[in-house]
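Participant: Have a look at this one before I ask anything.
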Amino acid sequence: MSRFFFLARRFVAGESLEAAVEVVRELNDAGLDVTLNMLGEGTRERTRAEEAVRQYLVMLDLIRDGAFQANISVKLTHLGLDIDEAYCVDNLCRILEAAREKDVFIRLDMEGSPYTQQTLDIFYSLYDSNRNTGVVIQAMLLRSPHDIFVLNKIGARVRLCKGSYREPSDLALQRMPNIRGAFLSMAEQLLRDGRFPAFATHDDYLIEGVARYAERLDVPRDGFEFQMLYGLRPRYQKDMRRQGYRMRIYVPFGTEWMPYFYRRLRERKENVWFVLRNLVRR
C-alpha cells in the first residue's frame with residue numbers, strides 16, 4: 001500500500017482488486033448494488049492499457065464466481081483511446097465479449113467533452129451486438145438532451161450525472177441552478193421513455209425531484225436506480241434502500257487514486273465543497 005493512501009481510504013476501496021472485492025461483499029450484504037471502477041485514464045502506453053484489460057477480465061470472473069450484485073464501469077482512455085481508436089475498440093470488445101458470457105453489465109464512462117462524440121460513436125457501433133451495456137450522459141453539456149433522445153430511441157441504458165469536468169460556456173451550462181434544471185428535465189425524459197435509467201447524484205434537491213417525477217409517472221421505485229460514491233453518506237444510502245429504491249454505489253480502486261482525486265478537485269471548485277460537505281453527512 002502506498003505511503004499516502006490513508007488520504008483516500010474513505011473514498012477508494014483499496015489499491016488492489018482483492019481489497020475492492022471485500023468492499024463489494026460488505027455493500028451487497030447491506031442490500032446495495034455496486035459499480036466497480038479501476039482507476040486510470042489518459043493511458044498512452046499499450047502495456048498499461050493491456051494490463052487494464054487483464055484486470056477487467058479478472059473482475060468479471062470474480063463477479064460471476066462470487067455471485068456479486070455488481071457491474072463494471074470503464075473509461076475508454078484507460079483502454080488506449082488516446083493511443084489509437086481501433087486499438088481501444090479491440091480492447092473494449094475483449095471486455096464486452098467476456099461480459100456477455102458472464103452476464104455482467106458494462107457501463108462506458110464519459111470523460112471531458114473532447115471525448116463525448118467519440119465515446120458515443122463507439123457505443124453506437126457496438127450496441128447491437130452488446131445490449132448489456134450502457135453509457136453516461138452529463139447534464140451540464142448543451143448537447144445532452146438530444147443525446148438522451150437518441151439513446152432512448154434505441155433502448156440504451158443511461159446513467160445521468162451533472163458532470164464534473166470544466167467545460168467552456170459554448171458547450172456547457174455554467175451555473176448550478178441551470179445544471180440542476182437540465183438534470184431534472186432529462187431525468188423526466190429518461191423516466192418517461194428510457195430503459196432502467198440511473199441517476200448519479202448526492203444532491204438532495206435532485207434526488208427528491210427524481211423521486212417526485214417517478215411517482216407522478218407511475219415508475220416503481222425498483223424501476224430505476226440512484227447512484228452514489230463509495231464513502232459518502234453511507235447511512236443515507238442504506239436508508240434509501242430500505243425505502244425501496246435501488247441504490248448502486250460507485251466503488252473505485254487502484255493505485256492511480258492521487259491523480260483521480262486531484263483532477264476532480266481541480267476541475268471544478270464545486271467539487272471541493274461537495275466533498276467537504278458530504279464528509280459530515282451520514
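Participant: Which net charge results for the neighbourhood of Gly80, defined as the other residues with beta-carbon distances under 14 angstrom from its beta-carbon, given Lys and Arg at +1 and Asp and Glu at -1?
Facilitator: -3
Participant: Let me ask something else. Provide the percentage of antiparallel DSSP beta bridges, counting only those with both residues in the range 73-204; round to the nearest 5.
Facilitator: Taking every DSSP beta bridge within the range 73-204, about 5 percent pair in antiparallel fashion.
Participant: Let me ask something additional. Taking a probe of 1.4 Å, how large is the accessible area per residue of the range 67-152, in Å²?
Facilitator: 36 Å²
Participant: Measuring from centroid to centroid over Cα atoms, what is the spacing of the range 70-100 and the range 194-229 in Å?
Facilitator: If you average the Cα positions of each part, the centres end up 28 Å apart.
Participant: Considering only protein heavy atoms, what is the solvent-accessible area of Asp218 at a probe of 1.4 Å, reported in Å² to the nearest 10?
Facilitator: Approximately 130 Å² for this residue.
Participant: Restricting to bridges with both residues inside the chain, how much of the DSSP beta-bridge set is antiparallel, in percent to the nearest 5?
Facilitator: Here the antiparallel bridges make up roughly 5 percent for the chain.
Participant: Next question, about the same structure. So how exposed is Lys238, as accessible area in Å² (1.4 Å probe, rounded to 10)?
Facilitator: Per-residue accessible area (Lys238): approximately 80 Å².
Participant: While we're here: Along the charge dipole of the chain, which of Gly181, Met38, Val89 sits closest to the positive end, that is, farthest toward it, with unit charges on the beta carbon of Lys, Arg, Asp and Glu (+1, +1, -1, -1)?
Facilitator: Looking along the dipole axis, the top candidate is Gly181.
Participant: Okay, next question. Could you tell me the calculated FRET efficiency between Glu22 and Ser169, based on Cβ-Cβ distance and R0 = 41 angstrom, to the nearest 0.05?
Facilitator: Efficiency for this residue pair is about 0.40.
Participant: Okay, moving on. By the scheme Lys and Arg +1, Asp and Glu -1, what is the net charge of all other residues having a beta-carbon under 10 Å from that of Gln118?
Facilitator: -3
Participant: To the nearest µm²/s, what D does Stokes-Einstein give for the chain at 37 °C and 0.692 mPa s, using the Kirkwood radius over alpha carbon pairs as Rh?
Facilitator: D, rounded to a whole number, is 172 µm²/s.
Participant: Between Phe196 and Leu57, what length in nm is gained on full extension when 0.36 nm per residue of separation is reduced by their alpha carbon distance?
Facilitator: 47.5 nm
Participant: So what is the 222 nm mean residue ellipticity for the chain from helices alone, if each DSSP H run of at least 4 adds -39500 (n - 2.57) and you divide by all residues, rounding to the nearest 500 deg cm²/dmol?
Facilitator: One gets -15500 deg cm²/dmol as the mean residue ellipticity at 222 nm.
Participant: By accessible area of protein heavy atoms, probe 1.4 Å, what ranking do Glu50, Glu97, Glu215, Glu188 get, highest first?
Facilitator: Glu215, Glu97, Glu50, Glu188
Participant: Please compute the contact order of the chain in relative form: average sequence separation of alpha-carbon pairs under 8 Å and at least six residues apart, divided by the residue count, as a percent.
Facilitator: This gives 23 percent for the chain.
Participant: Let me ask something else. Compare Arg143, Arg159 by solvent-accessible area with a 1.4 Å probe and give them largest first, with all protein chains kept in place.
Facilitator: Descending order: Arg143, Arg159.
Participant: Whole-Hz Karplus ³J(HN,Hα) for the range 77-82, in order, using 6.51 cos²θ - 1.76 cosθ + 1.60 and θ = phi - 60°, x for Gly and Pro?
Facilitator: 6, 6, 9, x, 4, 7
Participant: Let's see if you can work this out: charge +1 on each Lys and Arg Cβ, -1 on each Asp and Glu Cβ, no other charges. What is the dipole magnitude of the chain about its Cα centre, in debye to the nearest 20?
Facilitator: 1120 debye
The values are calculated or read from the model by the stated rules, or taken from the named source; none is laboratory data. Only a predicted model underlies this, so the values are computations on that prediction, with no experimental measurement involved. Positions of Cβ are backbone-derived with ideal geometry, glycine not excepted, and every protein chain shown enters the neighbour counts. SASA here: full protein model, heavy atoms, side chains in, ligands and nucleic acids out. Shrake-Rupley method; radii C 1.70, N 1.55, O 1.52, S 1.80 Å.
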